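The values are calculated or read from the model by the stated rules, or taken from the named source; none is laboratory data. Small disclaimer: the values here were computed from a predicted structure and weren't measured. Glycine also receives a Cβ, built like all others from the backbone with ideal geometry; neighbour counts cover every protein chain displayed. Remember, those area values only see protein heavy atoms, side chains included, never the ligands or the DNA or RNA. Shrake-Rupley method; radii C 1.70, N 1.55, O 1.52, S 1.80 Å.
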Amino acid sequence: IARLYDAGLDQHGRPFLALEYVEGQRLDRYCDDQRLSVDERVRLFLQVLDAVQHAHINLVLHRDLKPANILVNLRGEVRLLDFGIAKLVADERGSSDGALRSETLSRAMTPRFASPEQVQHQRLTLASDIYSLGVVLYEILIGASPLITTNGSRAEYEIAIVDSRLRTPSRARLSAELALQRRATPARVARSLRGDLDAVLMKAMARTPAARYVSAEALRADLVRWLDGRPVAATPPSTLAALKKFVARNTMAVGLGTAAIAAIVATATIAVLQAREAQIESRRATAARDFILSLFDNANPELHGGRDISARELLLSKNPGQINSLRSHPDL
């Protein structure tokens with residue numbers, strides 16, 4: 001956050017703020033001039049969220065977040081400016097004079113980035129800045145406003161904000177020139193936005209404050225999840241989507257695990273086949289043994305008048321049905 005040196009009224013009675021001089025570019029122009037990719041723009045935006053979170057922790061509501069009030073210096077560091085219409089988050093109940101000042105400040109805004117409650121002059125909370133942050137992020141990613149308007153007049157912007165006429169990021173038309181500033185093609189930019197990043201932006205710009213992120217830190221956490229390839233909290237991920245993200249994050253580990261499982265399955269299959277073959281051989285040996293033993297039962301000389309019997313006679317002495325059964329034995 002740019003340092004505040006002084007504030008007061010000038011010689012003509014006009015209020016002024018004396019801030020740290022920041023040599024740099026406004027956020028959107030810096031992103032385009034540096035040809036930052038979608039991922040790089042999101043990473044740079046994390047610095048904006050850090051600054052806003054610091055202000056919110058100190059109960060300061062900015063109320064005028066827009067690219068023109070966010071500069072990036074020569075070292076690529078973000079500086080948040082212009083707290084001219086900022087206010088302390090406190091109980092607005094009080095004197096009529098205090099209520100009048102609050103009402104006057106609520107009308108000071110930039111309609112293109114204002115929240116629905118700001119446009120309708122309702123009580124503002126930290127969620128109002130969350131909405132504006134969503135619009136800022138949308139514009140640096142897409143290069144256009146999320147609001148669906150015809151001529152872009154102030155009145156039309158206010159109607160679009162109140163009616164929540166928002167264009168889903170991945171469905172926004174992106175020219176080849178704008179895509180080139182993101183080192184990609186329009187189709188590639190749309191693919192990177194589709195799904196989780198769509199959900200994150202639409203949650204930040206939700207119509208009602210309760211449906212938005214509870215803090216700039218919560219929005220930051222979801223963007224970090226997206227950058228890391230993890231499921232975001234903006235929308236409950238399906239099991240398949242979560243699995244795909246897990247595989248994408250752990251490609252090598254999943255590959256090695258899959259190879260190990262395949263090796264285990266192959267080894268187990270070979271062991272089963274070998275065991276089955278051993279069982280078949282065992283049954284064959286048992287069947288052959290039983291057959292030979294049955295032959296020797298008929299080799300007793302007393303059964304043949306005291307003379308020795310040849311192997312041929314032993315075979316011929318077997319019941320033809322037994323021989324046929326033996327021929328059809330599956331193990332012989």
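Residues in segment 120-165 average 38 Å² of solvent-accessible surface per residue, probe 1.4 Å, ligands and nucleic acids excluded.
Each Cα pair under 8 Å and six or more residues apart adds its sequence gap; the mean of these over the residue count of segment 1-81 is a relative contact order of 35 percent. Between ALA221 and ILE57, the simple spin-label model (points 7 angstrom out along Cα→Cβ) gives 1.5 nm. Overall shape: oblate for segment 106-155, with the ratio a/c of the largest to smallest alpha carbon gyration tensor axis at 1.5 or above and b/c at least equal to a/b. Extension gain, ASN73 to VAL214: 0.36 nm times the residue separation minus the Cα-Cα distance gives 47.8 nm. Computed extension gain for LEU9 through SER153, at 0.36 nm per residue and net of the alpha carbon distance, reaches 48.6 nm.
The order of the peptides 218-224, 135-141 by mean Cβ neighbours within 10 Å, most packed first, is 135-141, 218-224. Estimated from the Cβ-Cβ distance and a Förster radius of 51 angstrom, the FRET efficiency linking SER175 and VAL265 is about 0.50. Spin-label model, ARG35/ARG183: points 7 Å from Cα along the beta carbon direction are separated by 0.9 nm.
For LEU19, the residues 5 or more places off, or on other chains, whose built amide H falls under 5 Å of its own are TYR5. Available extension along the chain between THR286 and ASP50 is 76.9 nm, counting 0.36 nm per residue and deducting the alpha carbon span.
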